[in-house]
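Down below is the structure, laid out as structure tokens.
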Amino acid sequence: MGEGITTPWILLTFLQDQKCSNQEYKKELDTLENELNKKRPVISNYSSLWSNNQEHFSDGDDGELQTDGHFCSDIRNICREMQPDVQGNAVDVGAARQIAANLIEIADQLNQSVVSRASDNLVRRMQTRISQDWTGLLSSEVERLMWQGIPGLQQFPQEKVMLTLTMVLVQNIGVHAPTLLRSFFSTAVQYINENLQNFIRDQGGWGGI
């Protein structure tokens with residue numbers, strides 16, 4: 001699970017799969033999704049899988065066994081659950097949501113007042129610095145929170161808490177300052193890829209998170 005899934009898609013799914021009534025924030029998430037989709041190249045393997053089998057995808061073919069031993073419905077369901085990512089791989093939507101759900105469970109255990117203060121602190125500092133400096137600001141804030149200690153999360157690897165904390169900060173800043181979301185989203189992706197990629201790789205990729 002998790003093959004072809006990249007940091008932007010996991011972060012986006014994490015943000016999308018949590019309830020929020022802020023319509024401006026939701027619009028920014030939709031824009032982010034559109035931007036990620038526009039960056040994807042033509043997926044030859046994905047397109048071939050669909051085009052080569054679409055003649056079998058009529059409603060009457062559900063459950064029909066093919067000569068290779070696979071069901072037409074299996075191929076259709078696989079195609080529906082896959083979306084191309086920005087690197088030309090296929091994103092398994094179901095796997096992305098499961099990974100995001102695992103991180104959301106940890107996020108729900110975070111002290112919201114601590115996260116809110118950290119988010120406010122970050123926004124104040126970001127407003128006085130150019131966006132190229134935001135990765136350093138995010139790194140400093142995450143390190144500060146980890147140094148202070150996050151009660152109740154001792155059972156999780158430190159890097160996983162840092163990963164979750166980063167995503168929660170993106171969510172909080174996006175909800176309270178939607179115009180900053182897209183730029184800070186890129187900042188968070190850069191931070192994760194630069195600081196937590198070894199941890200993710202050691203878990204066997206995103207599927208092990």
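The values are calculated or read from the model by the stated rules, or taken from the named source; none is laboratory data. Remember, it's a predicted structure, so these values are computed and weren't measured experimentally. FYI the Cβ positions are ideal-geometry reconstructions off the backbone, even for glycines, and counts take in every protein chain you see. Only protein heavy atoms, including side chains, enter the accessible area calculation; ligands, DNA and RNA are left aside. Shrake-Rupley method; radii C 1.70, N 1.55, O 1.52, S 1.80 Å.
Brief remarks on what is shown
- If the condition is being surrounded by fewer than 16 Cβ atoms within 10 Å (Cβ to Cβ), more than 15 Å from Asn172 (Cα to Cα) and either in contact (Cβ under 8 Å) with a residue 40 or more places away in the chain or of a type in the set (A, V, I, L, M) (or both), then the stretch 110-137 contributes Ile130, Ser131.
- Selection over the stretch 175-199 of residues that are in contact (Cβ under 8 Å) with a residue 40 or more places away in the chain, under 22 Å from Ile150 (Cα atoms) and open to solvent by less than 10 Å² (accessible area, probe 1.4 Å) gives a count of 3.
- Of all positions in the stretch 165-174, none carries a residue that is assigned to a helix (DSSP H, G or I), surrounded by fewer than 17 Cβ atoms within 10 Å (Cβ to Cβ) and not acidic (Asp, Glu).
- Test: Thr31 is polar (S, T, N, Q), more than 14 Å from the chain's Cα centre (by Cα), more than 30 Å from Gln154 (Cβ to Cβ) and modelled with pLDDT under 95: no
- Within the stretch 145-164, the set of residues being free of Cβ contacts under 8 Å to residues at least 40 places away in the same chain and open to solvent by 50 Å² or more (accessible area, probe 1.4 Å) comprises Trp147, Gln148, Gln154, Gln155, Gln158.
- Taken together, the criteria place Ala101 among residues that are in contact (Cβ under 8 Å) with a residue 60 or more places away in the chain, among the aliphatic types (A, V, I, L, M) and open to solvent by 20 Å² or more (accessible area, probe 1.4 Å).
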